[in-house]
Each structure stands twice: as structure tokens, then as C-alpha cells.
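Peer 1: First the structure, which I've put down as C-alpha cells, then a few questions once you've had a look.
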Amino acid sequence: MYAKLRIHRFVEGRKWKQDYTVEVKTGMTILEALIAIKEQQDPTLSFTSSCRSSICGACAVRVNGNAVLACETLVSDQLATYDTNVLTIEPLGNFEVIRDLVVNWDPKFDRMKKIDPAVEPKDEFSPEEGCRQSPEDFEKYKKYALCILCGSCVSECNKNSLNQKDFLDPFAFVKGEKIVSDSRDKSPKEHLRRIVDAGLWACFNCEECTAKCPKGLDPAGAIEKLKAETFKYGLADNVGAKHAKAIYDDIQESGTLDESKLNIKSEGFLKAGTRAPMGIRLMATGKLDPMASHPVNPEIATIKKIVQIAEQASKEG
């Protein structure tokens, strides 16, 4: 069986797509196909790889618009998934492209420094004793320690696609949750303050980062945990947190959402006032009636019980 790999090329400012035909052997991965092309057809093709064992994260690319680890993704599986014999290979999205499939990580690492992603040991620890931790405390963040910095979450992040200036990359928040949850760290609140300032509440909640994470680490879940922790540490004095609290209060009290008052509760009267033109348009189309009474959901008792169960589950980790 033969397959065509349509690879996005980028060399010294010039962009184009180039087709290569490869013989698909049993168990051939995307990375092996790229290596075969480089060794047998075109030595100018550039891409990155290292361990070939799904550990280093260096070989992540996009295949037919979805981020994958090239070293663990079978060509045959992709052909079957898309029911085609043509696969489009391109560099990760939301990165600066250096050449062909090679992207620049330096700006990402520089931005991650904003959250100071390193444990600051508690004063009680010493060089002799080390930083001991119970297995139970380790379990709280173990999953997030498995991030291999492949960039798949960044590539598919819709918020990053729109604006990277006011929002860190999803993997940075994964690192942040690891630090905040680590019982050995002496200043989780300060780490969390940096995380909030780095755009925590700007997340779109599209969960594409979780859908594309090859390690199943749930970056979107890490972001939600960090949001919950802002209330725990008294760092909820911002629009995003107030917005979440307003929704929670409405659901808890009536089982329905009073959107006519949501902006006021989130931003205050003055800021909400700047949105008056939009409110007028919504009223004109019948989508907003500030004079209407806020109904109470007849299933309010059930809703409150669900909220209580969710709160208990959150406390238990």
C-alpha cells in the first residue's frame, strides 16, 4: 500500500506544499515515514524528533489538522480514520515556524517563566532530610508531572489562536497546577497569583487541549482546578472569578441563570454600563427583558442536591 504525504514546507520565508509518496509498511509511524522521505527522497526536509518512544514530545506535528505525536501515530490508522490515501502534515499551530515542521519553543518557555514553575521548598526541609512527601500528597499532582511539553495542547488551543498576549499556553497552566498542588511548596498562593495574572480566567473552555493531549493529562481540567483554588486562596477579585461566582449563586438560589444581571454582578455597574448599546439591541430583538421576573426552576431541590454532590466530590479531589 502506498500513501501520499502532503507536507507543508517553509524555507527562508517561502511557503509551499510538497507531495511525497511512501510505501506504507506494517507498523509504520508518521515519524518513520518522515525519516524515510528525508533519507530516500529529500534530504532538505526538516522536522524534529528524539526518543521515538512517546516520552520527549519533540516530534509533535499536525496530521490532517489535528496535533499528534509522530512517533506513536500509525500511518495506516490515519489513512483509515480519514478514509483517504493522502495525509497533510504541517507544523504545530500557534507556534512560530522556523523551517518546515520545526517550530520555535523559546517564546513559550519565556512566557512560562511568568508563573515561576518551580517548587520553593518549605523552610522545614533540609539538605540532609530532603523534601519528603506522603504518597497521598504525591497522588494529588502526579498526573500533571507527566507533561512532556509536546505542544499538542497549544496547537489546538482556540484562545491561543485568537490572542496569545493575555493567556499562557495550556501546558503552562498544567505546570502551574502541579506546583500549586504540591504539598512541598511553601508559597502556593504566590504561584497562583502569578497564574491569575497570566490570564487564567481568559480560557474559552473549549477543551481542545484535553482532546488532543497524547498523554491524557486533561489540561482543561487543570485550568478548572486552578480557578477553584483562586477562591480557596482569596484571589477571586477579578472579572472571571466574579462571573463564575454569579453563575454559581444563580444556579444555587433558583436553578436558572439571570443573564440580565450577570454583567452587573461580574463587572459592577460602571463597567456593565459600557455594554448598554448591546443590551438595547438585545431588548429590541426580544432576547433580553430586564423587567421580567427571574423564575425558580421547579427542580430546584434536585439541582441543589447535585451542587452539593459536586462540591463534595471536588473537596475529595
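Peer 1: Of everything in the range 84-142 that's at positive phi and either touching a residue at least 40 places away in the same chain (Cβ under 8 Å) or among the charged types (D, E, K, R) (or both), which residue is surrounded by the most Cβ atoms within 10 Å (Cβ to Cβ)?
Peer 2: Looking at residues that are at positive phi and either touching a residue at least 40 places away in the same chain (Cβ under 8 Å) or among the charged types (D, E, K, R) (or both), I get D100.
Peer 1: Touching a helix residue (DSSP H, G or I) at 6+ places or on another chain (Cβ under 7 Å), of a type outside the set (V, I, T), in the same structural domain as I30 (by TED's automatic domain parsing) and within 28 Å of K165 (Cβ to Cβ): is that true of A67 in this structure?
Peer 2: Against the criterion (touching a helix residue (DSSP H, G or I) at 6+ places or on another chain (Cβ under 7 Å), of a type outside the set (V, I, T), in the same structural domain as I30 (by TED's automatic domain parsing) and within 28 Å of K165 (Cβ to Cβ)), A67 qualifies.
Peer 1: Let me ask something additional. Between residues in the range 191-211 that are within 15 Å of G240 (Cβ to Cβ) and residues that are small (G, A, S), which pairs lie under 6 Å by C-beta distance while being six or more apart or on different chains?
Peer 2: I195/G176; W201/G240
Peer 1: Only one of S53, S46 is modelled with pLDDT under 95, of a type outside the set (K, R) and either more than 21 Å from the chain's Cα centre (by Cα) or within 12 Å of L31 (Cβ to Cβ) (or both); which?
Peer 2: The unique qualifying residue is S53.
Peer 1: Mind checking which residues of the range 39-83 are without any contact (Cβ under 8 Å) to a residue 40 or more places away in the chain and part of a strand (DSSP E or B)?
Peer 2: Within the range 39-83, V63 is the sole residue that qualifies.
Peer 1: Look through A222, A228, A172 and report the one residue that is in a helix (DSSP H, G or I) and farther than 18 Å from P117 by Cα.
Peer 2: That would be A228, the only listed residue that is in a helix (DSSP H, G or I) and farther than 18 Å from P117 by Cα.
Residues checked against (1) in contact with a strand residue (DSSP E or B) (Cβ under 7 Å, 6 or more places away or on another chain); (2) charged (D, E, K, R):
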| site | (1), (2) |
| --- | --- |
| D106 | no, yes |
| E120 | yes, yes |
| D123 | no, yes |
| E129 | no, yes |
| P135 | no, no |
| K140 | no, yes |
| Y144 | no, no |
| C147 | no, no |
| K159 | no, yes |
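Peer 1: Taking the range 274-315 only, how many residues are in a loop (DSSP other than H, G, I, E, B) and over 30 Å from the mean Cα position of the chain (by Cα)?
Peer 2: Of the residues in the range 274-315, 16 are in a loop (DSSP other than H, G, I, E, B) and over 30 Å from the mean Cα position of the chain (by Cα).
Matching residues to (1) within 30 Å of C71 (Cβ to Cβ); (2) among the hydroxyl-bearing types (S, T, Y); (3) surrounded by 11 or more Cβ atoms within 10 Å (Cβ to Cβ); (4) out of contact with any Phe, Trp or Tyr (no Cβ under 8 Å at 6 or more places or on another chain):
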site	(1), (2), (3), (4)
C213	yes, no, yes, yes
T256	no, yes, yes, yes
A292	no, no, no, yes
P295	no, no, no, yes
P298	no, no, no, yes
K305	no, no, yes, yes
K315	no, no, no, yes
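The values are calculated or read from the model by the stated rules, or taken from the named source; none is laboratory data. As the structure is a prediction and not an experimental result, all values here were calculated from the model. Every residue, glycine as well, gets a Cβ built from its backbone with ideal geometry; the counts of neighbours run over all protein chains shown.
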